[in-house]
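Questions regarding the structure given below will be posed in turn.
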Amino acid sequence: MPQNERDKVLVKDPTTLEERKKVAKEFAEQFKVSLPILVDPIADPFEQAFAAWPDRIYVLDAAGKVAYKGQPGPGGFKVNEVPPVLEKLLEKK
C-alpha cells in the first residue's frame, strides 16, 4: 500500500509472540505511543473473541469485560467517548 510505504510501516507478519511484541515495541517507538500496548498471542484469542476487525477502540474493565466498544474505524473512532468510561471504571476502584 503506497501510504504504508511512505510512512514506513511495512512489517513482515510475525510468526511468534516474541516477534509480535518486537513489532509492537518498534511501532510504539516510531509513532511515540505512550499508552500501554497489549499484544494478542499468535492464536489471536482477542481477535476471535471481540472481532477487532475492522479497527475499533475497546475499553476493558479490571475483570476483562468489555466496558466500551467503539464503532468501526477510522470513521467510527470517537475518542471523546472513552474518558467518561475510564473515569466511571476508576470510580469503582
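The values are calculated or read from the model by the stated rules, or taken from the named source; none is laboratory data. All values derive from a computational prediction rather than experimental measurement. Just the protein is used for accessible areas: all its heavy atoms, side chains included, with ligands, DNA and RNA removed. Shrake-Rupley method; radii C 1.70, N 1.55, O 1.52, S 1.80 Å.
Which residues' amide hydrogens lie under 5 Å from the amide hydrogen of Ala67, considering only partners 5 or more residues apart or on another chain, with H built in the peptide plane?
Counting only residues 5 or more places away or on other chains, the set is Val59, Leu60, Asp61.
Would you mind telling me the share, in percent, of accessible area of the chain contributed by carbon and sulfur at probe 1.4 angstrom?
58 percent
Taking amide H positions as placed 1.01 Å from N in the peptide plane, with prolines and chain starts having none, which residues 5 or more places from Ile42, or on another chain, fall under 5 Å of its amide H?
Leu17
Only one of the values (i) 1.99; (ii) 1.38; (iii) 1.22 was calculated from this structure for Cα Rg over 2.2 N^0.38 Å; name its label.
Working out Cα Rg over 2.2 N^0.38 Å from the coordinates points to (iii).
Further question on the same structure: Using θ = phi - 60° and the Karplus form 6.51 cos²θ - 1.76 cosθ + 1.60, what ³J(HN,Hα) does each residue of the stretch 37-47 get, whole Hz, x for Gly and Pro?
Listing the rounded values in order: 10, 9, 10, 5, x, 4, 6, 6, x, 5, 4 Hz.
Past 25 Å, Cα to Cα, is the threshold; run Lys12/Lys32; Lys8/Lys69; Lys22/Lys69; Lys21/Lys92 against it and keep the listed order.
Violating the 25 Å Cα-Cα cut-off are Lys8/Lys69; Lys22/Lys69; Lys21/Lys92.
With every protein chain kept in place and ligands, DNA and RNA left out, what is the accessible area per residue of the chain? Probe 1.4 Å, answer in Å².
Ligands and nucleic acids excluded, the result is 83 Å² per residue.
Taking the alpha-carbon centroid of each part, what is the distance from the stretch 1-38 to the stretch 68-83 in angstrom?
Each part's Cα centre sits 21 Å from the other's.
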